[in-house]
1. Once the Cα atoms of the range 46-93 are picked out, what are the Rg and Dmax in Å?
2. Please list, short to long, the whole-number percent of alpha-carbon pairs of the range 1-98 in consecutive 10 angstrom bins beginning at zero.
3. Using all C-alpha to C-alpha distances in the range 127-182, build P(r) with 5 Å bins and read off the rounded percent in each one.
4. So how far, in whole Å, is the C-alpha centre of the range 69-112 from the one of the range 1-36?
5. Compute the signed sum of charges (Lys and Arg +1, Asp and Glu -1) over the other residues within less than 11 Å, Cβ to Cβ, of TRP154.
6. Expressed in nm², what is the orientationally averaged projection area of the convex hull enclosing the Cα positions of the range 48-145?
Amino acid sequence: MTVVRNIQVKLDIPEKHHSVVDATFEEFQRVTEPVIDYGWSDNPDDIIINKNQLNEATYHDIRETSPLTGGHVQSARNLAANALSNCKDLLEDNKNTSKPEFKGTVVTYNSNTITYNDDHCTLSTVDGRIRAKYVFPHDDEGTPFEEYWDDKEWEKREATLHKRDGEYYLHVAVEQVANTDSSDEQTENGVVLGVDLNVDGYLAVTSTGAFLGNADELNHKR
């Protein structure tokens, strides 16, 4: 069984890199737009949520015009596809919704766009990779860092980068393959769903640890 936990860690990003990180936020948001536009319909039956279909229709044009890496373009597509899927479900349940629009500062990272090290990570941006140091609490006793971060049995996976009040934060999914009875009430299709730790306001977090943006960052055009 796979157990997923989500941890927030503050990053110390050198001031000289702030502009390129902020530009990455803007570009990541921008490249979700053609995916949303292609997949959206007021008729839920016509909303396209298949990632392969969305990829075939949008990937190459976006890559030709965007400084983002292919990994980031794929992450943006996945975020857009999940938003479209959420809207499709709402419309099928006769609930009000409209074409999603991502706002704010969020970038999704996967194994191709982030590298974890002991005291820092490297992040892909619109202008190459930058190095960001982790800012840990002075005393991590009883915190998620003590229980999950330094435990080699927990593997760091996908993450999202956010900016709040001028500071940068990385929300990291860590996972562990555990010997869990498949009949346990906490399991679903063989996957144990982890609880959020120090992660507020998320629209959704998948069982694989992929964050679906923040409730403040996903709005709908009325």
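Here, each number is a calculation from the coordinates, and none is a lab measurement. Keep in mind that what you see is a predicted model, and the values were worked out from it rather than measured. Glycine gets a Cβ as well: all are built from the backbone with ideal geometry, and neighbour counts include every protein chain shown.
1. That works out to 11.9, 39 Å for Rg and Dmax.
2. It works out to 14, 35, 29, 19, 3, in whole percents.
3. Pair shares across the bins are 4, 13, 19, 24, 20, 10, 6, 3, 1, 0.
4. Computed from Cα coordinates, the inter-centre distance equals 14 Å.
5. Around TRP154, the charge tally is -2.
6. Numbers: hull surface 37.6 nm².
Reported value for the Cα convex hull: 9.4 nm².
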